[in-house]
1. Taking the stated definitions as given, is ASP72 charged (D, E, K, R) and more than 15 Å from ARG50 (Cα to Cα)?
2. Mind listing whichever residues of the range 72-97 are within 14 Å of CYS22 (Cα to Cα), of a type in the set (Lys, Arg) and surrounded by fewer than 18 Cβ atoms within 10 Å (Cβ to Cβ)?
3. Quick check on my filter: what residues within the range 39-53 are open to solvent by less than 50 Å² (accessible area, probe 1.4 Å), more than 23 Å from SER27 (Cβ to Cβ) and assigned to a strand (DSSP E or B)?
4. Find the residue count for the range 9-31, including only residues that are of a type in the set (Gly, Ala, Ser) and either in a strand (DSSP E or B) or under 15 Å from the mean Cα position of the chain (by Cα) (or both).
5. Within the range 4-31, work out how many residues are out of contact with any helix residue (DSSP H, G or I) (no Cβ under 8 Å at 6 or more places or on another chain), on the phi < 0 side of the Ramachandran plot and at pLDDT 95 or above.
6. Are there any pairs, at least 6 apart or on different chains, whose C-beta atoms fall under 6 Å, with the first in the range 52-66 and touching a residue at least 60 places away in the same chain (Cβ under 8 Å) and the second outside any loop (DSSP other than H, G, I, E, B) and open to solvent by 50 Å² or more (accessible area, probe 1.4 Å), and if so, which?
7. Under 8 Å between Cβ atoms, which residue pairs at least 6 apart in sequence (or on different chains) link something in the range 95-115 that is basic (Lys, Arg) with a partner that is part of a loop (DSSP other than H, G, I, E, B) and surrounded by 12 or more Cβ atoms within 10 Å (Cβ to Cβ)?
8. Among the residues of the range 54-71, which ones are closer than 16 Å to ARG98 by Cα and either touching an Asp or Glu at 6+ places or on another chain (Cβ under 6 Å) or not in a loop (DSSP other than H, G, I, E, B) (or both)?
Amino acid sequence: QVQLVESGGGLVQPGGSLRLSCAASGSTFSIYDMGWYRQAPGKQRDWVARIRSGGSTNYADSVKGRFTISRDNAKNTVYLQMNSLKPEDTAVYYCRARWYTNDYWGQGTQVTVSS
């Protein structure tokens, strides 16, 4: 069982930056592929970024070049650095851990981009 706790959300002006963190419980964090997703009000949950256990990364086109996902296996934590934020980035951001059929989600953290 893995528990995920997101933090770092908040209110930021357009063009600003935030760094989200997702802390995972357990001693097997390094084997999990980790991802960030987001869900805006009234919309479906969308994939944002992924970092595999081996360190390779992928991004949704909407955030490519602005967001960076990284992980620190020693701290059981995955990060999402978000730069050049836009109002359309406003959403609840969720962390996900996957390894074969093991699939866990965090509770989410709110990010609001507004002037």
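The values are calculated or read from the model by the stated rules, or taken from the named source; none is laboratory data. The structure displayed is predicted, hence computed values, not measured ones. Backbone-built Cβ (ideal geometry, glycine too); neighbour counts: all protein chains shown. The protein model used for the area step is the full one, side chains on, heavy atoms only, and it has no ligands, DNA or RNA in it. Shrake-Rupley method; radii C 1.70, N 1.55, O 1.52, S 1.80 Å.
1. On the way: charged (D, E, K, R): yes; more than 15 Å from ARG50 (Cα to Cα): no.
No: the conditions fail for ASP72.
2. LYS75
3. Of the range 39-53, the ones open to solvent by less than 50 Å² (accessible area, probe 1.4 Å) are 40, 48-49, 51.
Checking which are more than 23 Å from SER27 (Cβ to Cβ) leaves us with 40, 48-49.
Across the range 39-53, the qualifying residues are VAL48, ALA49.
4. Step one: of the range 9-31, the residues of a type in the set (Gly, Ala, Ser) are 9-10, 15-17, 21, 23-27, 30.
This time we only want the ones that are either in a strand (DSSP E or B) or under 15 Å from the mean Cα position of the chain (by Cα) (or both), so: 9-10, 17, 21, 23-24.
So the answer is 6.
5. As a first pass, look at the range 4-31 and keep what is out of contact with any helix residue (DSSP H, G or I) (no Cβ under 8 Å at 6 or more places or on another chain): 4-13, 15-22, 24-28, 31.
Going one step further and asking which of them are on the phi < 0 side of the Ramachandran plot, we end up with 4-7, 9, 11-13, 16-22, 24-25, 27-28, 31.
Keeping just the survivors that are at pLDDT 95 or above gives 4-7, 9, 11-13, 16-22, 24.
Number satisfying all stated conditions: 16.
6. Qualifying pairs under 6 Å: none.
7. That search, which allows pairs on different chains as well, returns ARG96/GLY106; ARG98/TYR32.
8. So in the range 54-71, the residues closer than 16 Å to ARG98 by Cα come out as 54-58, 69-71.
Result: THR57, ASN58, ILE69, SER70, ARG71.
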